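Trainee: Just dropping this structure here.
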Amino acid sequence: LEVLVLKGLEALNSAMPREHSPYKEWSEFSKRLAETLARYHALPERPDSEHLPIIRERVAAIQQQSDTALNAWVEAQHYADLTLQPVSNGPVMVHHIPRFLRRQHGSGQSRIALLVFDGLAIDQWIQIREHLISGSGRYEFTEGTSFAWLPTVTSVSRQALFSGLKPREFADSIDRT
């Protein structure tokens, strides 16, 4: 498993999006990074492991590099274009989610649950998902990524997610949920 994590980190390092990458590359990268981090967190702590110290260093490095690259992407004004993206292929920002769900399940004939885990990282979700799948084959997941509004204040993201509105459209309640 350690070798698999090392290979995943190497692949991520070469596939890291840059300042002018499209948002879809960032979404895909975040999912791949999360899968690798979930494997990393599942590694047993073994004092005799020759790979574990290297893995720790590379995880810290890739997190720092991806944070720096994403900040450059946001500063290059690519984030501002996200609100204009169509929701037909999936919600790009959190306020797109209600409209996307209505399009996908608008007939009301199927039931759908939208679960919101406040403060849950994607790699933590992967661990929960894997546990649910191993415990029962009854669950079906449709997964995707969406960008939050900046700054990512919980009350702002939560209101945007459930209302389908942009923050300026709920200015009267932006400071509370």
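The values are calculated or read from the model by the stated rules, or taken from the named source; none is laboratory data. What you see is a predicted model, and the numbers here were worked out from it, not measured in a lab. Using ideal geometry, Cβ is built from the backbone for each residue, glycine included, and neighbour counts are taken over all protein chains shown. These area figures cover heavy atoms from the full protein model, side chains too; ligands, DNA and RNA do not enter into them. Shrake-Rupley method; radii C 1.70, N 1.55, O 1.52, S 1.80 Å.
Trainee: When region 55-111 is examined, which residues are found to be among the small types (Gly, Ala, Ser) and within 26 Å of residue 14 (Cβ to Cβ)?
Mentor: 60, 61, 66, 69, 72, 76, 90
Trainee: Of the numbered conditions (1) open to solvent by 20 Å² or more (accessible area, probe 1.4 Å); (2) touching a helix residue (DSSP H, G or I) at 6+ places or on another chain (Cβ under 9 Å); (3) not charged (D, E, K, R), residue 53 satisfies every one except a single condition; which is it?
Mentor: (2)
Trainee: Next question. Do we have any residue at all in region 112-127 that's more than 18 Å from the chain's Cα centre (by Cα) and at pLDDT 80 or above?
Mentor: No, region 112-127 has no match at all.
Trainee: Also: Within region 107-123, how many residues turn out to be open to solvent by 80 Å² or more (accessible area, probe 1.4 Å) and in contact (Cβ under 8 Å) with a residue 24 or more places away in the chain?
Mentor: Selection size over region 107-123: 1.
Trainee: Here is a further query. Which ones in region 93-106 are free of Cβ contacts under 8 Å to residues at least 60 places away in the same chain and either hydrophobic (A, V, I, L, M, F, W, C) or in contact with a strand residue (DSSP E or B) (Cβ under 6 Å, 6 or more places away or on another chain) (or both)?
Mentor: Within region 93-106, 100, 101 meet the criteria.
Trainee: Any residue in region 37-48 that is in a helix (DSSP H, G or I) sitting within a Cβ distance under 9 Å of a residue that is among the β-branched types (Val, Ile, Thr) and open to solvent by 60 Å² or more (accessible area, probe 1.4 Å)? List the pairs, counting only those 6 or more apart or interchain.
Mentor: From residues that are in a helix (DSSP H, G or I), the pairs are 37/122; 38/122.
Trainee: Quick check, is residue 86 open to solvent by less than 60 Å² (accessible area, probe 1.4 Å) and either touching a strand residue (DSSP E or B) at 6+ places or on another chain (Cβ under 9 Å) or modelled with pLDDT of 85 or more (or both)?
Mentor: no
Trainee: Another one. Applying the selection to region 136-177, what residues are among the basic types (Lys, Arg) and either open to solvent by 90 Å² or more (accessible area, probe 1.4 Å) or under 19 Å from the mean Cα position of the chain (by Cα) (or both)?
Mentor: 138, 158, 168, 176
Trainee: Inside region 1-50, can you point out the residues that are open to solvent by less than 20 Å² (accessible area, probe 1.4 Å), touching a helix residue (DSSP H, G or I) at 6+ places or on another chain (Cβ under 6 Å) and hydroxyl-bearing (Ser, Thr, Tyr)?
Mentor: Listed by number, the list holds a single entry, 36.
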